[in-house]
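Below you'll find the structure, written out as structure tokens, and then a few comments.
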Amino acid sequence: MQASSAPVSVKKKLVIMGKSGAGKTSMRSLIFSNYTANDTRRLGATIDVEHSTVQFMGDLNLNIWDCGGQHKYLDNYLNEQKENIFGNVEVLIYVFDLETTNRESEYKLYDECLHNLEAYSRDAKVYCLVHKIDKVAEDQKEATVESYRRALAKRSELFQPGVYGT
């Protein structure tokens, strides 16, 4: 008698992080749920962490943790829940809001995320989305993304993020 050779499902944890209003849930919905940009207008703020699982490329299941960006939740993620949030992460997607009035505070939060990722998931891949690029003049888009790319490359030796305008 031969053993069954059913495909083995692989589960990977993906965490989406960023400040409130950055567009984390919109990006998740566009990328993983086939929403249109117009569909995302009806999305509200994420309360705490929204968990979803998406089957991707056959046998890959992405366990997506969309983390609300309000201060009370961020403080909890980075302190009380840091091992739970940042443990066993395969991919961190950090969403930067181009409309922020305080880029340094965004960088500080990003640094704290990387610090926790280094402690609990050293092999994770990091991707940064410079979101709301459509608000930037066409001839300034690449320079804007490149500015973030340079700044983020200096912030960590362990993680070298992919940086993309969205």
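The values are calculated or read from the model by the stated rules, or taken from the named source; none is laboratory data. Keep in mind that this is a model prediction, so the values were computed, not measured. Using ideal geometry, Cβ is built from the backbone for each residue, glycine included, and neighbour counts are taken over all protein chains shown. These accessible areas exclude ligands, DNA and RNA; they are computed on the full protein's heavy atoms, side chains included. Shrake-Rupley method; radii C 1.70, N 1.55, O 1.52, S 1.80 Å.
In a DSSP loop and with at most 10 other Cβ atoms within 10 Å, the trypsin sites (Lys or Arg not before Pro) in region 94-166 are Arg122, Lys154. For a test of the definition: using alpha carbon positions, the gyration tensor, and the 1.5 limit on a/c, classify region 43-166 as rounded, prolate or oblate. Rounded shape, in that the Cα axes give a/c under 1.5.
For Ile64, the amide hydrogen comes within under 5 Å of the amide hydrogens of Leu14, Ser52, Thr53, Val54, counting only partners 5 or more places away or on other chains and with H modelled in the peptide plane. Residue order by solvent-accessible surface for Ser20, Ser105 is Ser20, Ser105, largest first, with ligands and nucleic acids left out and a 1.4 Å probe.
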